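**Student:** There's a structure below that I have some questions on.
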Amino acid sequence: RATLLVSRCLLKMVKGNIIVPEDILSFCCNGLQGSTSPPRVREPGEREEAPGAMASPSPARNPTEVQMSQLVLPCHTNHRGELSTGQLLKWIDTAACLSAERHAGCPCVTASMDDIYFEHTISVGQVVNIKAKVNRAFNSSMEVGIQVSYEDLCSGKHCSICKAYATFVAQGPLGSKVRLKPLTPQTEEEKIEYSIAAERRRMRLVHKDTLKDLLTHSPQETELETRDGSGAVPAERTRVESVELVLPPHANHQGNTFGGQIMAWMENVATIAASRLCHAHPTLRAIEMFHFRGPSQVGDRLVLKAIVNNAFKNSMEVGVSAEAYGQEMSVSRRHINSAFMTFVVLDQEGQPRTLPMVAPEPGDGERRYREASARKKIRLDRKYVVSCKQTEVPLSVPWDQSNKVYLSYNNVSALKMLVAKANWVLAREKEKVRMYTLEEDKFLSFRIEISVCIPAGRAFSLLSNLRRRHEWDSHYMSAELVQKVDDDDMIYHVVSRKLRHENKPQDFVILASRRKPCSKGDPYVVAFRSVTLPTHPARAEFTRGETLCSGFCIWPESEEMSKVAYYNQAMPGYLNYVTTNVAGLSSDICSTFEACEKFLLKNKEDLISRLQDF
């Protein structure tokens, strides 16, 4: 009956166009399963395809990819008719979990969700399209990339909402961890995400240390505001506490509460806390990393607490936590999750309103206040350095304690993205040295490769030390170690030789970031990019040079053989100066790289001699 009714309605709507009967039946069946694909309408005079006609083959699809489309109904929206962020988080988590379980072949639980920045709101009647796929699998955890967009069915408009990265852990019987099979990327996009996933994982692990380091080394950045606080709202007035009972619909097939459901509950209490400060309906703009400390099960009671930590001129940060306990109140509560959400209040023109100040409570309140200021600076640095496209990041970014992790991430990930690019063209080959070029947008990139009889780890150690670069690169005069940030990141002041058409030599302030392989098949990486240091401004005796992306990748071919590849990404305006760029490129590239090979072999033999003498 449903099929006949829908068919009759469609025949009335097409007004003379002919709808293929098989398409009507397919549309009705798909519609009953939740599909939003419209039927194919055959134009007048169009011939019907012959039975058994073959459709054109579609490209191979990633086996872990999951696509979800949800029509936004009134029950999903807030008072403004916009999709609730909590509901969106539930859909995101569900799609990501299904993708993770496709790869793992067993149940998976949400371990964390990276920062999410919401670009637009979604209205009732629009369609939310979510695509999730596994970017990389580590030992027992995996990163899932999620892309969210909306579609307006009336206008056909598509718009991006957000991009997110979630970490899932595979679980075996009794909650034991499962060792995951490796993932093999196929497309250029998948290779880029696979390579950079290791950098994002590293950044997650040091996230807390970054905040502590900023609070320790830059207390002046996090002092209490000194503006007139006569109209400040006591933070205690914004405090919210709510309890939720975990029921079977809130849990997965293992009985554990869906991570997305917990995130939705947390978003709800955070919105209430923000409303108590501004006496208006706030809009959620960003969520800082969710980190799940432990599971909760059906029957648990979840206590959700929220409070406004700090209010800036046009935004406020709300801290929210989730604790779980069972039926017996005597049992101590288990901390499940904590998160920080940034809200704004929009006026009729859609612009952020000025917010009242917050008066923190002494003790913990003041600590949360200062930490919120530090997190704001970290968020701005992270968004400025990490979230920008490569073409939008300035050549030289100021370096300081708050953004050092993100500059290092950007440095290494930019090089890995260049390495994963397709369409490299062999431009020259001389004996063992091969030179490739890649023209893309406004960049011209170079890749120089050579195989050297030296262990990859030894080559990595030699090439990552810029102070020895002059031993094989004739264009380097000197490289001074300015600051050792940590074991993997160092800042150098590099001076190159003077060009024929220049009156003075060039100098560079370079961040050198090095990484050892994360897993088998990964290369050793040494990445270079320009940074700005207050202690080393541009000087009259030098022409200040800059590099956006360059560095080495070293792949072990055997225990004694390595493939050494050098990459440099140059803008056309700088090609005249490429001979003195920190990349070390010269008019005789092959000779420079042959000198590099001799340098590596000589120092390998020196090492062997020292070991034999020892």
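The values are calculated or read from the model by the stated rules, or taken from the named source; none is laboratory data. Treat the numbers as computed from the prediction; the structure is a model and nothing was measured. Reconstructed Cβ throughout: ideal geometry from the backbone, glycine too, with neighbour counts over all protein chains shown. Note: accessible area is taken over every heavy atom of the protein model, side chains too, but ligands, DNA and RNA are not part of it. Shrake-Rupley method; radii C 1.70, N 1.55, O 1.52, S 1.80 Å.
**Student:** Quick one: which strands (runs of 3 or more DSSP E) lie wholly within the stretch 243-350 and hold at least 2 residues that are open to solvent by less than 70 Å² (accessible area, probe 1.4 Å) and touching an Asp or Glu at 6+ places or on another chain (Cβ under 9 Å)? First the steps, then the outcome.
**Tutor:** Values: elements: 283-287, 290-292, 301-311, 316-325, 334-344.
Passing ranges, in order: 283-287, 301-311, 316-325, 334-344.
**Student:** Something else now. For a quick check of your reading of the model, give me the residue pairs whose first member lies in the stretch 236-255 and is in the same structural domain as Cys108 (by the TED database) and of a type in the set (Val, Ile, Thr), whose second is part of a helix (DSSP H, G or I) and open to solvent by 50 Å² or more (accessible area, probe 1.4 Å), with beta-carbon atoms closer than 7 Å and at least 6 apart or on different chains.
**Tutor:** As it stands, the answer is Thr238/Arg276; Val240/Ile272, since those pairs meet every condition given.
**Student:** Just need a number here: residues in the stretch 56-86 that are over 22 Å from the mean Cα position of the chain (by Cα) and either of a type in the set (S, T, N, Q) or in a helix (DSSP H, G or I) (or both).
**Tutor:** Number of matching residues: 10.
For (1) more than 19 Å from Pro182 (Cα to Cα); (2) buried (at least 20 other Cβ atoms within 10 Å of the Cβ); (3) in contact with a Ser or Thr (Cβ under 8 Å, 6 or more places away or on another chain); (4) of a type in the set (A, V, I, L, M), each residue gets a yes or a no:
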| position | (1), (2), (3), (4) |
| --- | --- |
| Gln70 | yes, yes, no, no |
| Pro74 | yes, no, no, no |
| Leu88 | yes, yes, no, yes |
| Ile92 | yes, yes, no, yes |
| His103 | no, yes, yes, no |
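**Student:** Would a scan of the stretch 74-81 turn up a residue that is more than 25 Å from Cys518 (Cα to Cα) and free of Cβ contacts under 8 Å to residues at least 24 places away in the same chain? Step through it out loud before you land on a result.
**Tutor:** Of the stretch 74-81, the ones more than 25 Å from Cys518 (Cα to Cα) are 74-81.
Going one step further and asking which of them are free of Cβ contacts under 8 Å to residues at least 24 places away in the same chain, we end up with 75.
The answer is yes, given that some residue of the stretch 74-81 is more than 25 Å from Cys518 (Cα to Cα) and free of Cβ contacts under 8 Å to residues at least 24 places away in the same chain.
**Student:** For Ile491, are the conditions met, namely being over 29 Å from the mean Cα position of the chain (by Cα) and in the same structural domain as Ser408 (by the TED database)? Working first, answer last.
**Tutor:** Values: over 29 Å from the mean Cα position of the chain (by Cα): no; in the same structural domain as Ser408 (by the TED database): yes.
No.
**Student:** Shifting gears a bit: For the list (1) more than 22 Å from Val564 (Cβ to Cβ); (2) in a strand (DSSP E or B); (3) among the small types (Gly, Ala, Ser); (4) open to solvent by 10 Å² or more (accessible area, probe 1.4 Å), I need the number of the one condition that Ala479 fails.
**Tutor:** Of (1) more than 22 Å from Val564 (Cβ to Cβ); (2) in a strand (DSSP E or B); (3) among the small types (Gly, Ala, Ser); (4) open to solvent by 10 Å² or more (accessible area, probe 1.4 Å), only one is false for Ala479: (1).
**Student:** Name the one entry in Arg514, Arg529, Arg544 that is over 19 Å from Ser464 (Cβ atoms) and either open to solvent by less than 10 Å² (accessible area, probe 1.4 Å) or basic (Lys, Arg) (or both). Outline the logic, then answer.
**Tutor:** On the way: Arg514 fails: over 19 Å from Ser464 (Cβ atoms); Arg529 fails: over 19 Å from Ser464 (Cβ atoms).
On inspection, the qualifying residue turns out to be Arg544.
**Student:** Has the stretch 442-461 got at least one residue that is free of Cβ contacts under 8 Å to residues at least 12 places away in the same chain and either in a helix (DSSP H, G or I) or open to solvent by 40 Å² or more (accessible area, probe 1.4 Å) (or both)? Before you say what the answer is, go through the steps one by one.
**Tutor:** Let us first name the residues in the stretch 442-461 that are free of Cβ contacts under 8 Å to residues at least 12 places away in the same chain, namely 461.
Add one more test, that the residue is either in a helix (DSSP H, G or I) or open to solvent by 40 Å² or more (accessible area, probe 1.4 Å) (or both), and what stays is 461.
Taking every residue of the stretch 442-461 in turn, at least one turns out to be free of Cβ contacts under 8 Å to residues at least 12 places away in the same chain and either in a helix (DSSP H, G or I) or open to solvent by 40 Å² or more (accessible area, probe 1.4 Å) (or both).
**Student:** Test His536 against the criterion of being more than 16 Å from Leu466 (Cα to Cα) and either in a strand (DSSP E or B) or not aromatic (Phe, Trp, Tyr) (or both), and give yes or no.
**Tutor:** Numbers: more than 16 Å from Leu466 (Cα to Cα): yes; either in a strand (DSSP E or B) or not aromatic (Phe, Trp, Tyr) (or both): yes.
Taking the combined requirement at face value, the residue satisfies it.
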